[in-house]
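Asker: Got a structure here, written out as structure tokens. Questions coming.
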Amino acid sequence: MMRFKLIFMLLGVVALAACRPSSASGSGVGDTSGALSASASGVSGQATADDTVTIAMVGDIMLGTSFPKPKLPPDDGKLIFTHCADLLRDADVACGNLEGVIATEGKPRKNIESPRAFMFMMPPKNAERLVEAGFDFMGLANNHIFDFFESAARDTERNLDSLGIAYAGRKECESVVREFGGKRYGFCAFGHEDYCLRTQDTAAVRRIITELRSRCDILIVCFHGGAEGSDCRHVPEGTEMFYGDDRGNLRLFTHHAIDCGADIVYGHGPHVVRAMELYKGHLIAYSLGNFATPVGMGVASYTGYAPLLLARLNSRGELVGGKIHSFIQVKGLGPRRDSSNVVAREIQQLSLDDFPDSRLLIADDGTLSIRK
């Protein structure tokens, strides 16, 4: 956020009621002809600074695990966010996905002998890095929030409360509203597992977003979905399956979320980046990949791509500018600046491939603009 958090806050308001239609039209990513002008920072547009807000969004965050054997970053993770904290703090709101629990104990949900038994239990001390970096919201609707059953999930919520970080995505915490800089921000999150709010439950998605709409000025939706791995970088049509699991129809879900009142939708889950799309004037980021997973998870090649997305929205929640800041994870350390912009160019190409008719334009340096 804009201010550096020196005091841990305890805030949280559950949101209620009403849907609004989006006022713009168009869908899709094209070449750079006819684009709106954009500054070098990529957060420019036609609206003035007084009536716009900047949202910072990243993908999966897992700050080391103590289970079954400790795999922890050095110095309690104090080096993880050193290269990106300035961007997170300068945004009006900063959001991410918490890939695991913040707890000290819990019964493992999976057989630890299985090669697919990935379970993540972050020490509370390491989680302090989140508030120091400037994060305001963490999505909990993912396939690791229930790694150690209900007790560890509730410990996670208590630890986030102690840090003053908002959260949503479990059935016990459907949505939350926080006020920053005189504006009310509503957050909700969806995943694909039955122990969290599901992207596949279109009725629940409609109910939660329409209830949240009247209580906030800007409504942010995050989701965890899609098949995993380097061969799953494209956004397919229809439902995605992964090891027999229904990982959602993400084109359908994201459009439905915006139709119900969401201003911006960002995703994660495949552990790689995916395309971005402009739908009815609102930005959709289909996967921001892994952002801060320096130990206990792979960060080689595409899984190490760690974009930090800044999106500038007008008072109607429509995109007016922004930038994909390119970071690449370094094993044991976390996201480090990528001067070659390979991450932004990967998202640029995927967007051209998957949404060729879009009005969203992504420059080589990650600057976002809109084709007239």
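Computed from the coordinates by the stated procedures, all read-outs in this text should not be read as laboratory data. Everything numeric in this text was worked out from a predicted model, so none of it was measured. Cβ sites come from the backbone with ideal geometry, for glycine too, and all protein chains shown count toward neighbours.
Asker: Give me the net charge for the shell around Arg345: Cβ to Cβ below 11 angstrom, other residues only, Lys and Arg +1, Asp and Glu -1.
Answerer: Local charge sum for Arg345: -4.
Asker: Continuing with the same structure: If each of Asp217 and Asp246 carries a label point 7 Å out from its Cα toward its Cβ, how far apart are those two points in nm?
Answerer: Once both label points are built, they end up 3.9 nm from each other.
Asker: Moving on. On a 28 Å Cα-Cα criterion, which of the cross-link pairs Lys78/Lys110; Lys69/Lys171; Lys110/Lys331; Lys71/Lys110 come out too long?
Answerer: Lys78/Lys110; Lys69/Lys171
Asker: OK, next. From the residues Asn314, His224, Leu63, which one has its Cα farthest along the dipole of the range 49-370 in the positive direction, the dipole being from +1 and -1 charges on Cβ of Lys/Arg and Asp/Glu about the Cα centre?
Answerer: Leu63
Asker: 7 Å from Cα along Cα→Cβ at both Val342 and Lys125: what's the point-to-point distance in nm?
Answerer: According to this spin-label approximation, the distance is 3.4 nm.
Asker: Given a cut-off of 28 Å, what percent of all Cα-Cα pairs of the chain lie beyond it?
Answerer: 36
Asker: Set the Förster distance to 30 Å, then compute FRET efficiency between Phe118 and Arg206 from the Cβ-Cβ distance, nearest 0.05.
Answerer: 0.40
Asker: Let me have the 222 nm mean residue ellipticity of the chain computed from DSSP H runs of 4+ only, each contributing -39500 (n - 2.57), with the sum over all residues rounded to the nearest 500.
Answerer: Rounded to the nearest 500, it is -5500 deg cm²/dmol.
Asker: Each residue of the range 92-108 in turn: what ³J(HN,Hα) in whole Hz from Karplus with 6.51, -1.76, 1.60 and θ = phi - 60°, glycine and Pro shown as x?
Answerer: Going residue by residue, I get 5, 9, 10, 10, x, 10, 8, 8, x, 10, 10, 7, 10, 7, x, 7, x Hz, with x marking Gly and Pro.
Asker: Moving on. Could you tell me which of Tyr243, Ser287, Asn159 has its Cα farthest along the dipole of the chain towards the positive end, charges placed at Cβ (Lys, Arg +1; Asp, Glu -1), taken about the Cα centre?
Answerer: Value computed over the given set: Asn159.
Asker: Against the empirical 2.2 N^0.38 Å scaling, what ratio does the C-alpha Rg of the range 230-303 come to?
Answerer: So the range 230-303 has a normalised radius of gyration of 1.18.
Asker: Can you bin the range 135-216 into rounded, prolate or oblate? Criterion: square roots of the alpha carbon gyration tensor eigenvalues sorted a ≥ b ≥ c, rounded for a/c under 1.5, prolate for a/b above b/c, oblate for the rest.
Answerer: Oblate, since a/c reaches 1.5 and b/c is not below a/b.
Asker: Follow-up question, since we're still on this one. Provide the three semi-axes, in whole Å and in decreasing order, of the ellipsoid equivalent to the range 139-287 as defined by the square roots of 5 times the Cα gyration tensor eigenvalues.
Answerer: 23, 20, 13
Asker: Under a point-charge model restricted to the Cβ atoms of Lys and Arg (+1) and Asp and Glu (-1), what is the dipole moment magnitude of the range 49-370 relative to its Cα centre, in debye to the nearest 20?
Answerer: Computed charge dipole of the range 49-370: roughly 320 debye.
Asker: At most 11 other Cβ atoms within 10 Å and a DSSP loop assignment: could you name the GluC sites (Glu not before Pro) in the range 200-272 that fit?
Answerer: Glu237
Asker: Between Lys171 and Lys280, what FRET efficiency follows from the Cβ-Cβ distance if R0 is 22 Å, with the result rounded to 0.05?
Answerer: 0.15
Asker: Mind checking the full-extension length gain between Asp364 and His234? Use 0.36 nm per residue of separation minus the Cα-Cα distance, one decimal, nm.
Answerer: Full extension from Asp364 to His234 adds 44.9 nm.
Asker: Could you tell me what % of all Cα pairs in the range 298-358 have separations over 18 Å?
Answerer: Here the long-distance tail beyond 18 Å is 46 percent of all Cα pairs in the range 298-358.
Asker: Across the range 74-217, what fraction of all alpha-carbon pairs, as a whole percent, falls in each successive 10 Å bin from zero upward?
Answerer: Taking all Cα pairs of the range 74-217, the binned fractions are 11, 38, 35, 14, 2, 0 percent.
Asker: Mind checking the full-extension length gain between Phe149 and Asn111? Use 0.36 nm per residue of separation minus the Cα-Cα distance, one decimal, nm.
Answerer: Contour length minus the Cα-Cα distance gives 12.3 nm.
Asker: Take every DSSP beta bridge with both residues inside the range 49-370 and express the antiparallel ones as a percent of the total, to the nearest 5.
Answerer: Around 55 percent of the beta bridges assigned by DSSP in the range 49-370 are antiparallel ones.
Asker: Using a ≥ b ≥ c from the Cα gyration tensor of the range 62-133 (square roots of the eigenvalues), is it rounded, prolate or oblate, where a/c under 1.5 gives rounded and otherwise the larger of a/b and b/c decides, a/b for prolate?
Answerer: Prolate.
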